[in-house]
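Following: one structure in structure tokens, then a few remarks.
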Amino acid sequence: MASFLLSNPFISSPSLAKNLSINGSLRKPALCGLVFRSPRCSAAADSTYGGNIRKYPRSSVWDPYKRLGITSDASEEEVWSSRNFLLDQYGGHERSAESIEAAFEKILMKSFENRKKTKINLKTRLKKKVEESPPWVQNLLAFVELPEKIIILRRLFLFTFMAFWSVMNSAEGGPAFQVALSLFACIYFLNDKSKSIGRACVIGFGSLVVGWICGSCLVPMIPAAILQPTWTLELLTSLVVYIFLFLGCTFLK
């Protein structure tokens with residue numbers, strides 16, 4: 001008995017008395033189902049279940065604006081600022097971070113849908129106004145089209161170059177060569193679009209004549225103090241003609 005106590009120093013005398021039978025023999029201890037965890041495992045389990053991590057209190061709020069703590073008319077900058085701030089505070093908690101990101105994505109999708117509806121409504125209103133306009137306005141708009149941006153930029157660059165060339169090489173007779181070259185380019189673009197050389201020539205020469213008349217009427221109204229002494233009436237009128245040629249070959253059918 002003494003040797004048993006010396007070999008098992010952690011067994012107390014009361015427990016020993018329970019494990020001894022009447023005849024002095026030692027009984028096997030019954031398993032009591034206790035599970036011992038080390039402090040490290042316990043800390044890991046607490047961390048897994050959010051023991052020491054801050055949890056976002058509004059994770060279960062249904063309204064995405066209220067979940068982020070902003071108003072429904074908040075700007076896009078305010079939405080981003082609120083989202084970043086909350087992620088810095090509660091990003092360590094996985095469910096909180098997912099709830100914040102979900103509310104942020106809902107607000108962005110709603111904003112995108114509102115912008116799309118606004119564009120559709122604007123097109124619908126314009127189309128409705130065109131349909132309600134007088135017949136002569138509808139016939140006039142039937143000759144107008146909006147080409148691709150790359151086409152607009154290319155032709156704008158061409159006629160801007162012609163205007164710059166005319167200003168830099170102004171002569172007493174005016175930029176007749178540059179105007180003729182611009183007219184040829186206008187007719188070429190119109191013929192390439194309509195596949196009708198007659199229609200292209202009519203629109204091209206019409207743009208030239210209207211531009212020259214408008215330039216002749218508008219240029220004398222410009223104060224001479226803001227004009228260069230070398231800029232003649234013919235040069236300034238040709239600049240107006242370039243504008244009409246650009247509009248004619250770009251937006252007319």
Next item on the list: Could you look at segment 162-253 and say what percent of its accessible area is carbon and sulfur, using a 1.4 Å probe and all protein chains?
Entry: 74 percent
Check: Between GLU113 and LYS55, what FRET efficiency comes out of the Förster formula 1/(1 + (r/R0)^6) with R0 = 25 Å and r the beta carbon distance, rounded to 0.05?
Finding: 0.20
Next item on the list: Convert each backbone phi in segment 88-99 into a coupling constant with the Karplus relation 6.51 cos²θ - 1.76 cosθ + 1.60 (shift: θ = phi - 60°), then list the ³J(HN,Hα) values in order as whole Hz, x for Gly and Pro.
Entry: 5, 7, 10, x, x, 9, 4, 5, 5, 4, 5, 5
Item checked: Full-extension gain in nm, GLN89 to CYS214, via 0.36 nm per residue minus C-alpha separation -> 38.4 nm
Margin query: Quick check: residue separation of GLU105 and LEU227 times 0.36 nm, minus the Cα distance between them. What number comes out in nm?
Written below: 38.3 nm
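The values are calculated or read from the model by the stated rules, or taken from the named source; none is laboratory data. Quantities reported herein were computed from a predicted structural model and do not represent experimental measurements. All Cβ positions, even for glycine, are placed from backbone atoms using ideal geometry, and neighbour counts span all protein chains on display. The accessibility values were calculated without ligands, DNA or RNA, using every heavy atom of the protein model including side chains. Shrake-Rupley method; radii C 1.70, N 1.55, O 1.52, S 1.80 Å.
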